[in-house]
Amino acid sequence: MKGAITYYKFEKAWNWILVYLMVYFSSSFSLSVYSGTTRILLYVLLLALVALNIFLYKRNLRAKKSIVILLPLIAVFSYLLNGESIKQFEILLLYYLVSFIFVLYLDFNKWCDAYLGVIQFIAILSIILYFLSIAFPSIIDALPTTINSAGRTTHTVFFCLTPFEGRSIGIFWEPGAFQIYLMLAIIIEYFTYGLEKYPRLVVLLIANILTFSTTAFIATGVLLIVILTNEIIEGRLRKGIGISIVVSVLVIIIVSFFTQKANIDIYTKVFGKIDLYRSNPTYNGSAAVRFNSAIKALEIFVQNPILGVGTTKLNEYFVSYYGHSMTTCTFINWFAISGVFYGVLMSIGVYKFSSLFTKRRIVSFLLLLLIFVLISSEDMVINPSFIILVLYGYLGYHSFKKEKEPERELAH
């Protein structure tokens, strides 16, 4: 029995490491400076770690639905006809291979547990660093620095980054990316534990608000609709509203403290970029990039609906039209890059992923809307840490027979 408990603890720690590496390799701030070849080698390392565990513990991996094979096949077919480079093929196939093996190895429940633990740790550390950057900036200045591909410099501690331009970024390439991972953790937390463990929701929400991402604020509004809808359906509206008010008050008080100390005007920080876009739509600011990305990618898809245009041509279209290649609307890019069949299959996969959390169809659709909002302003098209969500949606809760957690012996 002790051996079983020891193995369970080891497996849990191992799962946390694998989930952290998956997130770090695919979305971290510092890895953006690495070449494509280096990134490929890192994913090969991750694949080797998963394969080693499969070999040592004799995992019996069995995919329930072969439809997931269609996703990379359609993408490859589109890439082939659109003249993508060999390197793009290698990246696409490797990312899908890593994602597929990862999902087959780690069943959905264990992934949720590990993902929630990893993101909660990053959230807590990011809040601490935000406080230190305000109260003790000399400590932050003494920390090691890291630079990304855009030349942005920030400080780092325990793989977590200090606030950049007054915005929390966790370990990610920018605040908008951090809010995606935080909101997914909030979804898991709520649908796993409800509102009972609201202090953990408070931590995740504070970290999310401190990104000062416009998308994060919009997504938080959609999240509130999701929670209240679910609470109404489950007959817990009064209790749900009560806890929601407590959570909201705590978040507002703590965030207000941070913004006051940092002399931050929340409206300007969050919505100023939208006001700038409305006053000058031709200026390539943050909001303009996001809006134009969705509009132009949709136009390109309408002109090339069956197989899309591929990644390279999409980027070239944007460079020739806007002077940059920031194609940030993920769910429209699925269609623009690889066509209608791929886009529909990916969208269905996200819906199925949403359905893993609830049997209520209306709540699943609201979760689908929430996830689409999250990825509307960032490029997650072939990001392995997002591809696995789609694969989990298709494969369901378990990819192999789940082992029960060993029971602990009662003390006499």
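The values are calculated or read from the model by the stated rules, or taken from the named source; none is laboratory data. Predicted, not measured: the structure shown is a model, and the values here were computed from it. Cβ placement follows ideal geometry from the backbone for every residue including glycine, while neighbour counts extend to all protein chains displayed.
Selection of the stretch 168-221 for residues being under 12 Å from the mean Cα position of the chain (by Cα) and among the aromatic types (F, W, Y) yields F172, W173, F178, Y181. Taking the conditions (1) surrounded by fewer than 18 Cβ atoms within 10 Å (Cβ to Cβ); (2) under 20 Å from A114 (Cα atoms) in turn, L201 satisfies each one other than (1).
Restricting L73, L42 to residues that are modelled with pLDDT of 70 or more and either touching a Ser or Thr at 6+ places or on another chain (Cβ under 8 Å) or closer than 22 Å to G343 by Cα (or both) narrows the list to L73. When G221 is tested against (1) at pLDDT 80 or above; (2) within 19 Å of V373 (Cα to Cα); (3) in contact with a helix residue (DSSP H, G or I) (Cβ under 7 Å, 6 or more places away or on another chain), only condition (3) is not met.
Of all residues assigned to the stretch 111-119, none qualifies as being surrounded by fewer than 17 Cβ atoms within 10 Å (Cβ to Cβ) and over 15 Å from Y181 (Cβ atoms). Considering the stretch 294-331, and only residues there that are among the small types (G, A, S), at negative phi and in a helix (DSSP H, G or I), the residue that is surrounded by the most Cβ atoms within 10 Å (Cβ to Cβ) turns out to be A297. Considering the stretch 121-159, the residues that are among the aromatic types (F, W, Y) and touching a residue at least 40 places away in the same chain (Cβ under 8 Å) include one that is farthest from S27 (Cα to Cα), namely F131.
Here is a yes/no grid of residues against (1) within 20 Å of the chain's Cα centre (by Cα); (2) under 22 Å from L71 (Cβ atoms):
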residue	(1), (2)
A288	no, no
A297	no, yes
T312	no, yes
E316	no, no
T328	yes, yes
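Checking each residue in the stretch 332-358 for being part of a loop (DSSP other than H, G, I, E, B) and within 18 Å of the chain's Cα centre (by Cα) picks out L356, F357. Screening I91, I101, I128 for residues that are among the hydrophobic types (A, V, I, L, M, F, W, C), over 17 Å from the mean Cα position of the chain (by Cα), more than 30 Å from I337 (Cα to Cα) and assigned to a helix (DSSP H, G or I) leaves exactly one candidate, I128.
Condition (residue is modelled with pLDDT of 80 or more, under 23 Å from the mean Cα position of the chain (by Cα) and within 30 Å of L307 (Cα to Cα)) applied to the stretch 47-62: is it met by at least one residue? Looking through the stretch 47-62, at least one residue is modelled with pLDDT of 80 or more, under 23 Å from the mean Cα position of the chain (by Cα) and within 30 Å of L307 (Cα to Cα). Annotation for the stretch 134-147: no member residue is buried (at least 23 other Cβ atoms within 10 Å of the Cβ) and either among the aliphatic types (A, V, I, L, M) or part of a helix (DSSP H, G or I) (or both).
A Cβ distance below 7 Å, combined with a sequence gap of six or more or placement on separate chains, defines the contacts here; from the stretch 106-120, residues that are under 14 Å from W14 (Cβ atoms) reach residues that are in a helix (DSSP H, G or I) and among the polar types (S, T, N, Q) in the pairs L106/N15; K110/N15; A114/N15.
Conditions: (1) under 30 Å from E174 (Cβ atoms); (2) modelled with pLDDT under 85. F102 meets all but one. Number of the miss? Against the list (1) under 30 Å from E174 (Cβ atoms); (2) modelled with pLDDT under 85, F102 comes up short only on (2).
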